[in-house]
1. Using a Cα-Cα cut-off of under 14 Å, which aspartates and glutamates could be cross-linked to Lys120, ignoring same-chain neighbours fewer than 8 residues away?
2. Considering only protein heavy atoms and a probe of 1.4 Å, how much of the accessible area of the chain is carbon and sulfur, as a whole percent?
3. Restricting attention to segment 188-219, which GluC sites (Glu not before Pro) occupy a DSSP loop and are surrounded by at most 10 other Cβ atoms within 10 Å?
4. Pick from Ile69, Ile217, Ile92 the residue whose mean-square fluctuation is largest in a GNM of the chain, springs joining Cα atoms under 10 Å.
5. Which residue fluctuates the most in the chain, going by a Gaussian network model with Cα springs under 10 Å, if the choices are Glu44, Glu62, Glu114?
6. Which of the residue pairs Lys102/Lys150; Lys45/Lys202; Lys47/Lys150; Lys82/Lys206 have a Cα-Cα distance greater than 29 Å in the structure shown?
7. With a ≥ b ≥ c the root eigenvalues of the C-alpha gyration tensor of the chain, is it rounded (a/c under 1.5), prolate (a/b larger than b/c) or oblate?
8. For a quick check, take a GNM of the chain with Cα springs below 10 Å and name the residue from Ala129, Ala149, Ala43 with the largest mean-square fluctuation.
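The values are calculated or read from the model by the stated rules, or taken from the named source; none is laboratory data. For clarity, every value in this text was computed on a predicted model and none was experimentally measured. Positions of Cβ are generated from backbone atoms using ideal geometry, with glycine treated the same way; all protein chains shown enter the neighbour counts. The area values use the complete protein model at the heavy-atom level, side chains included, leaving out ligands, DNA and RNA. Shrake-Rupley method; radii C 1.70, N 1.55, O 1.52, S 1.80 Å.
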Amino acid sequence: MKLPSRPPIMPDNFSRYRDMIAENLSNIRNEIEASARKAGRTAEKVKLVAVSKRFPVQNIVEAFVAGQIHFGENYIQEVQEKNRQLPDAVQIHFIGHLQSNKAKTAVETCSMVETVDSFKLGKTLNKFAQAADKPLHILVQVNIADDSAKAGVTAENTEKLLTELKGLAYLRIKGLMTMPPFSNNPELSRPHFSNLRELAFKMAEKKLFDGELEPEISMGMSNDFPIAIEEGATIVRVGTAIFGRRPR
Ligand SMILES: *Cc1c(COP(=O)(O)O)cnc(C)c1O
């Protein structure tokens, strides 16, 4: 599915950002390690998703060469274009708002959809996953702070949505994802992160997630990922701190 439609990108067309990306990744991995240790956790339980939205595919390849496997994208059309030029081993997490008419492409191109927040979207994804005979890993996006500017199911309605989604045979519900209200002070995210972790463990006790493993908890971005890790994140989504300021 990911066979390149053009010649693969070769080292001679690496961009001038290659070294910067490798260095940023290395620094972030060190920070992940330090935050995990501080919280008495192990860094192996924290997956770094490099958010590459609006950055050219060359930058993804440069990060991949530096050992990065998981990437986050917000726009399906962009995923589709990039996916054709990327090696199979690259795994794309969809972290944007997904419209039902893009669900088929999401199933075909993404290893995980982190932003399921309605039964309707879940049903559509399930239908295409079944047609492709390819179970899809998903997270349920929770609007943990009841922020009117953010997508996601409310904390209150999360159990109901998980229960409905659990009936869909081709979805593998791995955990929860959230984006707290934006703030310049990352400490303000901490209570929201802590609330999401509590909610995830409560839902796990009710066996609402797939498998026996601990739930995935996707939270924390460039400005607050160390705090998210201290509060239990298993997936952090970091863009700017790896790739620099996003092009418009
Ligand atoms: C863009 C984005 C990120 C990354 O944000 P940075 O501040 O650049 O690290 C993380 N999560 C989601 C859902 C995003 O849309």
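1. Glu164
2. Summing carbon and sulfur atoms, their accessible area is 50 percent of the total for the chain.
3. Working: sites: Glu198, Glu205, Glu212, Glu216; in loops: Glu212.
Here the sparse-neighbourhood loop sites are Glu212.
4. Answer for the Gaussian network model of the chain: Ile69.
5. Maximum fluctuation in the GNM of the chain, among the listed residues, is at Glu44.
6. Lys82/Lys206
7. Here the chain falls in the oblate category.
8. Ala149
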